[in-house]
Amino acid sequence: MTLTGLVFISACSQEEGASKAPQQAACGAGELSEPVSVTGGTFTMGSDEGYADEGPARQATVSVFRIDRHEVTNRQFAAFVDETGYVTVDERQPDPGDYPGIPAEQLVPGSAVFTPDLVENFGQWWSFVEGANWRHPEGPDSSITDMMMDHPAVHLAYEDAAAYADWAGGRLPTAAEWEYAARGGLEGARYEWGEEAPHEGTPKANTWQGVFPAQNSERDGFAGLAPVGCFPANGYGLYDMTGNVWEWVADSVSADGRVGTVKGGSYLCAPNYCRRYRPAARHDQETDFSASHIGFRVVYD
């Protein structure tokens, strides 16, 4: 990605909790590698009660498809890179021709990293970090470790996600497929599990507990990314359709394909800021953009 992407990044939050909850025993991919088969159908997509870009609520129909139970992990993405030699967008030297008006010295490989020490400047809690990528999520001095191999792979642009999906024999889901799957069979429910908000009762997803970006109680057991599969599956047996990382879908919202769509919210989502941890919610995202809270999962025909 380039510095241009920093003009648009979404984060989300949650209400304060009393104490930190223990991490779920089921954390990690484990035996969750087999995709789930989802029977197609017609459902109400979008919402007239959320953000304007979620509406209008309309009928959508999807055919039968299979979908990954969880977000693509570092372990899975590493296998793809090891076999193909693939180099992600944020590891490449940007082409000046693609970014007219950007000074050459700013066109360096890197990605956007959440930087909580900047919270005193509202809206400036993201930094473009040279050398940040899926292997080095916080910058060149950081690295994924054995303990992080079941975490979602992040810092991936749309092109990266699509390349992995093709290698895996699948594709990125359409927004309709993703939303149908996220609803887990609960037609019309506000959240994938029903009507109770993520921060109410037992933590149901990896989101932000507290007032974003100043305070996070970590009541769900995580200050940042969680391994996949740490929270209860939805009605279709799918994990982390809410929170953890935003997920790329196939839909483009610009004629030139430079603006796409992400869904699901992330570990930064909170009710006082974005509240996009609902199946109906979506966000425009530059397709050459990557960040420490954007990943994906794959569908198969």
(request) Over the chain, consider all pairs of different Cα atoms and compute the Kirkwood hydrodynamic radius from their mean reciprocal separation; express it in Å, one decimal. (result) 19.1
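Can you give the FRET efficiency for Gln106 and Ala214, using 1/(1 + (r/R0)^6), R0 = 41 Å, r = Cβ-Cβ distance, to the nearest 0.05?
FRET efficiency, Gln106 to Ala214: 0.90.
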(request) Kindly provide the GluC sites (Glu not before Pro) of segment 164-268 that DSSP labels as loop, not H, G, I, E or B, and whose Cβ sees at most 11 other Cβ atoms within 10 Å. (result) Glu187, Glu195
(message) Let's see if you can work this out: charge +1 on each Lys and Arg Cβ, -1 on each Asp and Glu Cβ, no other charges. What is the dipole magnitude of the chain about its Cα centre, in debye to the nearest 20?
(response) 620
(request) Among Gly139, Leu156, Gly201, flag the residue with its Cα farthest along the positive direction of the charge dipole of segment 135-204, charges on Cβ as +1 for Lys/Arg and -1 for Asp/Glu. (result) Leu156
(message) Testing the spin-label approximation: label points 7 Å from Cα along Cα→Cβ at Trp167 and Asp82. State their distance in nm.
(response) 1.1
(message) Just to confirm, what accessible area per residue do you get for segment 207-301 at 1.4 Å probe, in whole Å²?
(response) 26
(request) Can you tell me the order of 260-271, 62-73 when each peptide is scored by its average per-residue count of other Cβ atoms within 10 angstrom, highest first? (result) 260-271, 62-73
(request) Bin width 10 Å, alpha-carbon pairs only: give the P(r) of segment 27-173 as whole percents, running from 0 to the bin holding the largest distance. (result) 9, 27, 31, 26, 8, 0
(request) Taking amide H positions as placed in the peptide plane 1.01 Å from N, state which residues far from Glu286 in sequence (5 or more) or on other chains have amide H under 5 Å from it. (result) Gly260
(request) Give a residue-ordered list of calculated ³J(HN,Hα) values for segment 242-259 (Karplus: 6.51 cos²θ - 1.76 cosθ + 1.60, θ = phi - 60°; whole Hz; x for Gly, Pro). (result) 10, x, 6, 9, 4, 10, 5, 10, 6, 5, 9, 10, 10, 4, 8, x, 7, 10
(request) Over segment 51-204, average the accessible area per residue using a 1.4 Å probe and give it in Å², no decimals. (result) 47
(request) Rounded to whole Hz and in sequence order, give me ³J(HN,Hα) for segment 232-241 from the Karplus expression 6.51 cos²θ - 1.76 cosθ + 1.60, θ = phi - 60°, writing x for Gly and Pro. (result) x, 6, 7, x, 9, x, 9, 9, 6, 5
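Using the Cα centre of segment 41-128 as the reference point, and only Cβ charges (+1 on K/R, -1 on D/E), how large is the resulting charge dipole? Debye, rounded to the nearest 20.
That gives a dipole near 400 debye.
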(message) Can you compute log10 of I(q)/I(0) for segment 156-224 with the Debye formula, treating each Cα as one identical point scatterer, at q = 0.24, 0.25 Å⁻¹?
(response) -0.96, -0.98
(request) Before anything else, pin down the relative contact order of segment 127-215: Cα pairs under 8 Å, at least 6 apart, normalised by residue count, whole percent. (result) 12
(message) Given axes a ≥ b ≥ c from the Cα gyration tensor, I'd like to know whether segment 27-83 is rounded (a/c under 1.5), prolate (a/b larger than b/c) or oblate.
(response) prolate
(request) Express the relative contact order of segment 26-155 as a whole percentage, based on alpha carbon pairs under 8 Å and six or more residues apart in sequence. (result) 21
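Would you work out the relative contact order for segment 22-96, in percent, from Cα pairs under 8 angstrom that are 6 or more residues apart?
That works out to 28 percent.
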(request) Would you work out which of Tyr191, Ser254, Tyr273 lies farthest towards the positive end of the dipole of segment 184-301? Charges go on Cβ: Lys and Arg +1, Asp and Glu -1. (result) Tyr273
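The values are calculated or read from the model by the stated rules, or taken from the named source; none is laboratory data. Note that the structure is predicted; figures quoted are calculated from it, not measured. So basically every Cβ, Gly included, is an ideal-geometry build from the backbone, and we count neighbours across all protein chains shown. Accessible surface areas use protein heavy atoms only, side chains included; no ligands, DNA or RNA. Shrake-Rupley method; radii C 1.70, N 1.55, O 1.52, S 1.80 Å.
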